1. So how tilted is helix 54-75 from the main axis of the chain? Cα-based, degrees 0 to 90, rounded to 10.
2. What FRET efficiency comes out for the pair A63/K99, r = Cβ-Cβ distance, R0 = 25 Å, nearest 0.05?
3. Return the lysines within reach of K21: Cα separation strictly under 16 angstrom, same-chain partners fewer than 8 residues apart disregarded; answer none if there are no such residues.
4. 5 Å is the cut-off here: which amide hydrogens, built 1.01 Å from N in the peptide plane, fall below it relative to G143, excluding neighbours closer than 5 in sequence?
5. Just subtract the alpha-carbon distance of Q121 and D7 from 0.36 nm times their residue separation and send over the number in nm, one decimal.
6. Any idea what the relative contact order of the chain is, in percent, if you count C-alpha pairs under 8 Å spaced at least 6 apart?
7. Quick check: from the Cα gyration tensor, does the stretch 93-161 come out rounded (a/c under 1.5), prolate or oblate?
8. If r is the Cβ-Cβ distance from K21 to Q138 and R0 is 30 Å, what FRET efficiency results, to the nearest 0.05?
Amino acid sequence: MAVERVDAARNRQAILRAAEKLLALHGPERISLDLVAATAGVGKGTVFRRFGSRTGLFQELLAERAARIGDAIAGGPPPLGPGAPPAERLLGFLDELAKLAAKNIALIAAHEQACAADKHQDPTYRRWHEHLTGLIDQLRPGGDAEFLAHMLLASFDGELVRQITGHGGVNRLRAAVRDLATTILPAARVG
């Protein structure tokens, strides 16, 4: 794997921070790569070479936010990491997604808009779906784990997250998603 040049890494961070800032100020609808480049202090070509499109930019920004969760799943302590029972891992993962979604509502909405045609092929979505599918398969052998994983991930739709957290915050979102999980997967109930 090639090591990223220092200036390329600096530009990448500047572009991601500019996109973040613009999402917070204007929402996803009014963000163009021209505006991101100007805000980051880089040329439009730099943004295009690095990310290719708005979709690529939002995918990378979400992947950056999701990296901590991925690291915890792969080798962190329970309940996310290996070693915890599948029910605890599933609920812990959903709790983390609720926190991520509540903190990044504008990004989630932008990502959904940019990836609408191919949402289920997005690398971050695929990793989350694969993880949930594996856990669900352990909790409900013979069930349609793939479908149930999609249903749980649909709980993190940007507009739905905005509505739920607007009237109850992240705790309401977390509780609602846990309730859904334990309703469709009774084996996911924990203590």
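Where a number appears in this text, it was derived from the coordinates with a stated rule and is not lab data. All values derive from a computational prediction rather than experimental measurement. Cβ sites come from the backbone with ideal geometry, for glycine too, and all protein chains shown count toward neighbours.
1. Between helix and principal axis, roughly 40 degrees.
2. Approximately 0.90, to the nearest 0.05.
3. Straight-line reach from K21, under 16 Å: K103.
4. Sorted by chain and number, the residues that satisfy this come to none at all.
5. Full extension of this stretch gives 38.0 nm more.
6. Here the relative contact order equals 20 percent.
7. Note, shape of the stretch 93-161 comes out prolate.
8. Efficiency at R0 = 30 Å is approximately 0.15.
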